[in-house]
Amino acid sequence: MKREFAVIGLGRFGGSICRELSMEGMEVLVIDKDEDKINEFKNIASHAVIADSTDEATLKELGIKNIDHVIVAIGDNIQASILTTVVLSELGIKTITVKAQNDYHEKILRKIGVSRVVHPERDMGKRIAHNIISNNILDYLELSDDHSIVEVKAGKKMLGKSLIDLDIRARFGCNVVAIKQGKDINVSPSAEDTLEEDDVLIVIGADRDISRFEKYLVIDD
Ligand code: ATP
């Protein structure tokens, strides 16, 4: 069954969400106050409308109430983003995802009860920073304010060693939850599993423990 989405604001982020959802065959309504943006997306989205999303009457007319999930991707104009979000929650939209421009914007969105706040620039910055710390860190995903998951390429000193030899849990307090070997993924690795070249470890833990683990990777590789 096709699910219905609306994307408000067609900057780089909103535009990319719209393209992906449309490619996945989803029904997408896009709204932007800029005519050029709407022209750019009219052949991509199912419906493309020039409108000011802070105007409740317009959103009602567009039938936004029937949409499952609305993504508010207005960044620069924080006031417009917040007003739009308030209107959407008053109209009873079940799921609202809002792109936050900065921490202050995020704080206000949380205060008005938005549970899905995304912060793509900051998150990407963090991922890239972790990758810069060590080439072995392939990806970094924040799970909460103080827990994360990292994808780590098995370094030279890990090769041929088992998880029990490396003793990552006791030494750093993090857990190896899976090992990727090419296309295969071993989701419950045993303590005796030995690491081979190009293996990727998926490690979960508290940020301070992950950080200790990252430092160990830097020092020894
Ligand atoms: P990017 O994702 O490119 O970083 P951004 O965070 O800079 O984007 P903006 O350029 O501020 O985001 O806004 C994205 C889009 O939102 C713009 O195309 C703009 O026209 C649209 N927009 C801003 N305010 C409103 C509004 N009140 N109603 C509808 N669209 C709006």
Sequence-distant lysines (8 or more away, or on other chains) whose Cα lies within less than 22 Å of Lys161: Lys153, Lys180, Lys183, Lys215
Charge-dipole axis of the chain as Lys and Arg at +1 and Asp and Glu at -1 on Cβ define it, positive-most pick from Asn186, Ser16, Leu88: Leu88
Lysines whose Cα lies under 24 Å from that of Lys42, excluding same-chain neighbours fewer than 8 positions away: Lys2, Lys33, Lys60, Lys65, Lys99
Calculated from backbone phi, Karplus (6.51, -1.76, 1.60) coupling profile of the range 139-144 in Hz, x at Gly/Pro: 8, 9, 10, 7, 9, 7
For Val177, distant residues with modelled amide H under 5 Å away: Ile202, Val203, Ile204
The range 126-221 shape via C-alpha gyration tensor axes, a/c threshold 1.5: rounded
Percent of beta bridges antiparallel (DSSP, the chain, rounded to nearest 5): 50
Crossing angle, helix 207-220 versus the chain [Cα axis fit, 0-90 degrees, rounded to tens]: 50
The chain: C-alpha gyration tensor shape, a/c 1.5 cut-off, then a/b vs b/c: prolate
Estimated FRET transfer efficiency when R0 is 41 angstrom, pair Arg3-Ile132 (beta carbons, to 0.05): 0.65
Ascending count of other beta-carbon atoms within 10 Å, so fewest first, for Val72, Val28: Val28, Val72
Per-residue ³J(HN,Hα) for the range 58-75, Karplus 6.51 cos²θ - 1.76 cosθ + 1.60, θ = phi - 60°, Hz, x for Gly and Pro: 5, 4, 4, 4, 6, x, 4, 4, 8, 8, 5, 9, 10, 10, 9, 10, 8, x
Whether the range 1-96 is rounded, prolate or oblate, judged on the alpha carbon gyration tensor where a/c under 1.5 counts as rounded: oblate
Label-point separation, Glu27 to Asn77 (7 Å along Cα→Cβ), nm: 2.7
From phi via Karplus (6.51, -1.76, 1.60), per-residue ³J(HN,Hα) for the range 95-100 in Hz, x at Gly/Pro: 10, 10, 10, 10, 7, 8
Relative contact order [Cα under 8 Å, 6+ residues apart], the range 98-221, whole percent: 24
Inter-centroid distance (Cα atoms) of the range 153-176 relative to the range 1-64, Å: 47
Asp34/Asp55 FRET efficiency (R0 22 Å; Cβ-Cβ; nearest 0.05): 0.90
Sorted peptide list for 197-210, 160-173, criterion being average Cβ within 10 angstrom, highest first: 197-210, 160-173
Efficiency of FRET between Asp146 and Arg171 - r from beta-carbon atoms, R0 22 angstrom, step 0.05: 0.65
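Rule-based calculations on the coordinates, nothing more; no lab input. What you see is a predicted model; the values in this text were computed from it and never measured. FYI the Cβ positions are ideal-geometry reconstructions off the backbone, even for glycines, and counts take in every protein chain you see.
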